[in-house]
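Inspection log for the structure reproduced underneath, given as structure tokens.
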Amino acid sequence: MTSLVQSVDWVAVAPVLVTALTGLAVLVTDLFLAPRHKPLLGWVTIAGLALAALCLIPLTDGDRATFCLTTGDRQCSYVADHFALAVQLLVVGGALLTALLSVTTVRREALPAGEYWFLLLSSAAGAALLPASRDLATLIVALEVASLPAFALVGLRRGDRGSAEAALKFFLSSVVATAVSLLGVSFVYAATGSLHLDTVAGGLDDVDPRLNALAALGVVLTLVGFAFKLAAVPFHFWVPDSYVGAPLPVAAYLSVVGKSAGFSGLALVTVVAFRPYADTWGPALAVLAALTMTTGNVAALRQRPDQPASAVRLLAWSSVGQAGYLLVPLAAAGYHDDPEEMVGATVAYALMYAVVNLGAFAVVALVAENRPGHRLTDHRALFSRNPLAALTMGFFLLCLAGLPPGVIGLFAKVAVFRTAVDSGLGWLAVVMAVNVTIALYYYLKWTALLFATPTTATPTTTPAARATATTAPAAPTPGTATPGAPGQATAPTATGSTVAGSTATAAREPSVPASVPHPLTAAIALAAALGVALSGAPQLILRLASGTLF
Amino acid sequence: MNPVNYLYLSALLFTIGAAGVLVRRNAIIVFMCVELMLNACNLAFVTFSRIHGNLDGQIIAFFTMVVAAAEVVVGLAIILMIFRVRHSASVDDANLMKL
Amino acid sequence: MNAYAPILVLGGLAAVFAIGSVVAAALIGPSRYNRAKVEAYECGIEPTPQAVGGGRFPIKYYLTAMLFIIFDIEIIFLYPWAVSFDAMGLFGLVEMLLFALTVAVAYAYVWRRGGLEWD
């Protein structure tokens with residue numbers, strides 16, 4: 001009798017393991033640490049994530065697999081192929097940038113340090129495990145490991161009503177999605193008798209005709225849980241509330257790492273496991289993609305720039321729209337002869353999106369250092385206050401929009417677009433083109449806001465503008481309490497038109513921002529450097545889009 | 001006993017759970033309904049495992065139970081936090097985030 | 001049927017011990033009446049016609065329940081190991097110890113954060 005003991009390739013699982021163990025270490029250290037040393041934990045986290053990223057290097061051949069069955073067809077539960085590595089790089093890198101963003105947030109909002117870093121690392125470990133898992137049980141567990149700490153992270157602000165309610169909404173809808181997903185998995189298991197993705201694919205190839213409907217239903221239901229994490233419409237409604245209710249770095253984390261968990265899970269179950277049912281999930285994902293990008297972009301369009309947290313809300317809705325683009329290649333995979341090639345475009349797009357979206361969140365955090373309202377109007381004339389931040393933000397927004405000089409955004413969009421055209425999904429390509437155009441509007445409007453000229457003189461303020469400015473709720477702008485006309489110290493609540501608002505723009509804003517925390521600067525610099533590097537050499541990312549990853 | 005009966009029971013439990021999630025307003029009850037759905041899945045897994053004669057279904061049932069327990073704990077913690085702030089566990093009262 | 005014989009023997013022994021203990025206690029032990037003896041045994045609350053506090057009970061129970069669930073469910077992973085520990089050998093033992101260690105971390109956390117203190 002062969003031994004049932006599976007061998008464990010510790011090097012292959014190292015990226016996940018290092019992340020998880022760092023989390024445990026941080027949690028235990030926190031228990032015995034004097035409060036004044038707590039900031040150290042953040043740096044331990046960052047070091048751990050960097051180490052986890054380094055652990056990816058020995059795996060670059062992409063041929064490692066572990067937790068394999070010792071009998072039968074030797075299916076493996078954990079495979080470190082190129083797809084897994086690319087997504088793990090995204091997850092670990094995203095978590096690293098989030099950690100840099102969080103260092104100041106944890107201190108300022110007095111979040112419990114040990115718990116915060118532990119939850120962040122646990123969630124990252126789950127998200128890193130997900131792309132490497134090759135059986136449905138591991139997939140579901142990884143999905144939950146990625147999500148459960150995220151609920152707690154959203155609700156971590158103690159005594160804050162919005163935070164708690166956002167967490168409850170996120171949590172309840174997510175667990176329902178998981179339950180539905182599990183029901184789908186049970187149907188698939190009923191039809192195929194296996195949980196390993198490859199065996200499931202083999203089993204679905206010749207399903208008992210009587211079980212055909214059951215298998216198809218199982219396939220569709222399984223997608224729900226992952227589509228939820230990706231925030232695909234109609235599973236998106238938790239997004240704006242959770243992002244606004246959560247601490248800002250957590251929102252950034254959800255928008256990047258949470259999404260990567262969703263799309264990598266979707267890619268695995270559709271392209272690897274459910275390939276024989278491509279005619280079922282292909283159209284489903286195509287419709288989902290079209291709905292998602294349209295809903296996200298239209299809702300982003302409707303954000304009013306003067307509302308509290310409008311910047312975060314806009315980023316939230318734009319992330320829903322971006323999720324739609326992520327879905328396009330996956331849907332295309334359902335129509336294409338070589339579905340694995342399509343997945344590359346999604347991964348490439350996700351990498352681009354991760355870098356620039358985290359960058360955008362970092363700049364929003366930077367602006368919130370002086371004006372904590374997270375309003376879009378707080379970004380007005382950022383260029384005159386902090387030219388570097390404004391330039392990087394403009395770059396990030398243009399990348400998200402897909403315009404030069406955000407070359408990488410453009411290339412990634414073209415790669416995604418091409419998959420739709422190649423696989424004969426003309427209508428989806430058209431929908432995407434329309435959506436990219438819609439998105440241009442709000443991204444460019446925001447960019448224009450950054451570079452709006454601050455007018456210097458009070459006399460130019462029209463009586464009407466002064467009236468709006470005085471009656472409207474003032475944006476909290478510490479450090480601007482200079483005596484003068486009340487209308488000039490408050491950032492004007494824009495009345496829709498940028499031009500009208502700019503006449504009364506905060507002339508007395510401090511021209512140099514108060515000391516900006518270094519980790520935040522580091523995060524922005526890192527994201528900007530990555531974005532520029534990728535724009536200079538887009539072939540780095542596009543190689544992903546052309547080769548097969550599995 | 002015919003294993004199909006267990007499937008009927010599982011389907012019934014899942015339906016009750018899903019209906020409860022949609023209809024009930026108390027967060028704790030909604031939450032119990034989610035647990036019902038998860039356990040219905042477990043029952044289905046174990047039944048299918050029996051039908052197929054392999055253990056995969058039982059293994060995933062174990063993991064589902066653990067996932068469900070972890071969900072209970074996180075969920076209860078969130079509900080407790082809301083209760084501390086608002087003294088109500090109704091989902092409808094959680095309306096601060098409405099647009 | 002033979003396979004069940006040890007179970008029957010075990011059941012018999014258990015019954016003998018249980019009945020023997022009760023009978024022996026009644027025969028040998030002193031029987032003096034006092035109030036404490038009619039109260040709910042060890043734990044629990046005196047039953048009342050209406051629920052105390054309108055059926056609400058302290059939030060602290062939830063915390064205890066949550067901790068209980070966590071540690072209770074961990075045991076689930078011991079079952080497969082217990083059933084096949086001879087096939088898994090030393091590897092299985094080491095893995096289970098690592099698992100128990102992880103649970104111990106959770107325990108240490110709860111303990112240090114005061115989750116085990118009732119008041």
When the residues of the range A:1-19 are narrowed to those that are open to solvent by 40 Å² or more (accessible area, probe 1.4 Å) and touching a helix residue (DSSP H, G or I) at 6+ places or on another chain (Cβ under 8 Å), which ends up farthest from A:Thr105 (Cα to Cα)? A:Ser3
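Conditions (1) open to solvent by 30 Å² or more (accessible area, probe 1.4 Å); (2) of a type outside the set (Asp, Glu), marked per residue:
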| position | (1), (2) |
| --- | --- |
| A:Thr45 | no, yes |
| A:Ala53 | yes, yes |
| A:Asp63 | yes, no |
| A:Ser77 | no, yes |
| A:Val92 | no, yes |
| A:Ala95 | no, yes |
| A:Gly126 | no, yes |
| A:Ala137 | no, yes |
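Per-residue answers, yes or no, for (1) out of contact with any Cys (no Cβ under 9 Å at 6 or more places or on another chain); (2) charged (D, E, K, R); (3) without any contact (Cβ under 8 Å) to a residue 60 or more places away in the chain:
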site	(1), (2), (3)
A:Val347	yes, no, no
A:Gly359	no, no, no
A:Ala368	yes, no, no
A:Asp378	yes, yes, no
A:Ser384	yes, no, no
A:Ala389	yes, no, no
A:Phe396	yes, no, no
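For residues in the range A:141-161 being facing chain B (nearest Cβ under 7 Å) and open to solvent by 10 Å² or more (accessible area, probe 1.4 Å), which is modelled with the lowest pLDDT?
From the range A:141-161, those facing chain B (nearest Cβ under 7 Å) are A:141, A:144, A:148, A:151-152, A:155, A:159, A:161; that's our starting set.
Of the ones still in play, those that are also open to solvent by 10 Å² or more (accessible area, probe 1.4 Å) are A:141, A:148, A:152, A:159, A:161.
On the way: A:Val141: 94, A:Leu148: 94, A:Ala152: 92, A:Gly159: 70, A:Arg161: 75.
Restricting to residues being facing chain B (nearest Cβ under 7 Å) and open to solvent by 10 Å² or more (accessible area, probe 1.4 Å), the top hit is A:Gly159.
Can you say whether A:Ser242 is closer than 14 Å to A:Ser319 by Cβ, away from chain B (no Cβ under 12 Å) and not hydrophobic (A, V, I, L, M, F, W, C), as far as the supplied structure shows?
Working: closer than 14 Å to A:Ser319 by Cβ: yes; away from chain B (no Cβ under 12 Å): no; not hydrophobic (A, V, I, L, M, F, W, C): yes.
The answer is no for A:Ser242.
Any idea how many residues of the range B:26-44 are part of a helix (DSSP H, G or I) and either over 15 Å from A:Gly184 (Cβ atoms) or open to solvent by 50 Å² or more (accessible area, probe 1.4 Å) (or both)? Before the answer, list the steps.
Residues of the range B:26-44 part of a helix (DSSP H, G or I): B:27-44.
Right, trim to either over 15 Å from A:Gly184 (Cβ atoms) or open to solvent by 50 Å² or more (accessible area, probe 1.4 Å) (or both) and you get B:27-36, B:39, B:43.
Within the range B:26-44, residues that are part of a helix (DSSP H, G or I) and either over 15 Å from A:Gly184 (Cβ atoms) or open to solvent by 50 Å² or more (accessible area, probe 1.4 Å) (or both) number 12.
Looking only at the range A:54-84, which residues are in a loop (DSSP other than H, G, I, E, B), hydrophobic (A, V, I, L, M, F, W, C) and within 21 Å of A:Leu136 (Cα to Cα)?
First, pick out the residues of the range A:54-84 that are in a loop (DSSP other than H, G, I, E, B): A:55-56, A:60-63, A:69-75, A:81.
Imposing the further condition that a residue be hydrophobic (A, V, I, L, M, F, W, C) reduces the set to A:55-56, A:69.
Result: A:Leu69, single match.
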So which of A:Val87, A:Val103, A:Val79, A:Val91 is modelled with pLDDT of 95 or more and under 27 Å from A:Ser255 (Cα atoms)? A:Val91
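In the range B:9-25, which residues are surrounded by fewer than 17 Cβ atoms within 10 Å (Cβ to Cβ), more than 10 Å from every other protein chain (Cβ to nearest Cβ) and part of a helix (DSSP H, G or I)?
So the first thing to find is which residues in the range B:9-25 are surrounded by fewer than 17 Cβ atoms within 10 Å (Cβ to Cβ), and the list is B:9, B:11-12, B:15-16, B:19, B:22-25.
The next check asks that each one be more than 10 Å from every other protein chain (Cβ to nearest Cβ); those that pass are B:9, B:12, B:15-16, B:19, B:23-25.
Scanning the range B:9-25 gives B:Leu9, B:Leu12, B:Thr15, B:Ile16, B:Ala19, B:Val23.
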Between a first residue in the range C:70-83 that is more than 7 Å from chain B (Cβ to nearest Cβ) and a second residue that is surrounded by 13 or more Cβ atoms within 10 Å (Cβ to Cβ), which pairs have beta carbons less than 6 Å apart while being 6 or more apart in sequence or on different chains? C:Glu74/C:Val103; C:Trp81/C:Gly92; C:Trp81/C:Met96
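For the range A:432-454, give me the residue count where each residue is open to solvent by 50 Å² or more (accessible area, probe 1.4 Å) and not basic (Lys, Arg).
Residues of the range A:432-454 that are open to solvent by 50 Å² or more (accessible area, probe 1.4 Å), as a first pass: A:434, A:437, A:441, A:444-445, A:448, A:451, A:453.
Checking which are not basic (Lys, Arg) leaves us with A:434, A:437, A:441, A:444, A:448, A:451, A:453.
Of the residues in that region, 7 qualify.
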Just the residues that are crowded, with 19+ Cβ neighbours inside 10 Å and touching a residue at least 60 places away in the same chain (Cβ under 8 Å), please, taken from the range A:296-305. A:Gly296, A:Asn297, A:Ala300, A:Gln303, A:Pro305
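Please state which one of B:Ile51, B:Ile28, B:Ile59 is within 11 Å of chain C (Cβ to nearest Cβ) and modelled with pLDDT of 90 or more. Break it down into steps so the answer makes sense when it comes.
Values: B:Ile51 fails: within 11 Å of chain C (Cβ to nearest Cβ); B:Ile28 fails: modelled with pLDDT of 90 or more.
Testing whether each residue is within 11 Å of chain C (Cβ to nearest Cβ) and modelled with pLDDT of 90 or more leaves just B:Ile59.
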I want to confirm something. Restricting to the range B:53-74 and keeping residues that are free of Cβ contacts under 8 Å to residues at least 24 places away in the same chain and of a type outside the set (A, V, I, L, M, F, W, C), which single residue is least open to solvent (accessible area, probe 1.4 Å)? B:Gly57
Say we look at the range C:73-106 and pick out the residues that are surrounded by fewer than 11 Cβ atoms within 10 Å (Cβ to Cβ) and not aliphatic (A, V, I, L, M); which of these is farthest from B:Val66 (Cα to Cα)? C:Asp86
What is the one condition in (1) farther than 19 Å from A:Glu115 by Cα; (2) within 14 Å of chain B (Cβ to nearest Cβ); (3) among the small types (Gly, Ala, Ser) that C:Ala106 does not satisfy? (1)
So in the range A:187-236, with the set limited to residues that are in a helix (DSSP H, G or I) and among the charged types (D, E, K, R), which one is surrounded by the most Cβ atoms within 10 Å (Cβ to Cβ)? A:Lys229
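Looking at the range A:162-173 only, could you name the residues that are more than 7 Å from chain B (Cβ to nearest Cβ) and either of a type in the set (A, V, I, L, M, F, W, C) or without any contact (Cβ under 8 Å) to a residue 12 or more places away in the chain (or both)? Can you show your working first?
Pass one, the range A:162-173, residues more than 7 Å from chain B (Cβ to nearest Cβ): A:163, A:170, A:173.
Within the range A:162-173, A:Phe170 is the sole residue that qualifies.
Yes or no, residue by residue, for (1) in a helix (DSSP H, G or I); (2) within 14 Å of chain C (Cβ to nearest Cβ); (3) under 20 Å from A:Ile541 (Cβ atoms); (4) out of contact with any His (no Cβ under 9 Å at 6 or more places or on another chain):
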| position | (1), (2), (3), (4) |
| --- | --- |
| A:Ala20 | yes, yes, no, yes |
| A:Gly42 | yes, no, no, yes |
| A:Ala52 | yes, no, no, yes |
| A:Ala86 | yes, no, yes, yes |
| A:Val92 | yes, no, yes, yes |
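The values are calculated or read from the model by the stated rules, or taken from the named source; none is laboratory data. Remember, predicted model here, so these are calculated numbers, not experimental data. Every residue, glycine among them, receives a Cβ derived from its backbone with ideal geometry; neighbour counts consider all protein chains shown. What goes into the accessible areas is simple: the full protein's heavy atoms, side chains included, and nothing from ligands, DNA or RNA. Shrake-Rupley method; radii C 1.70, N 1.55, O 1.52, S 1.80 Å.
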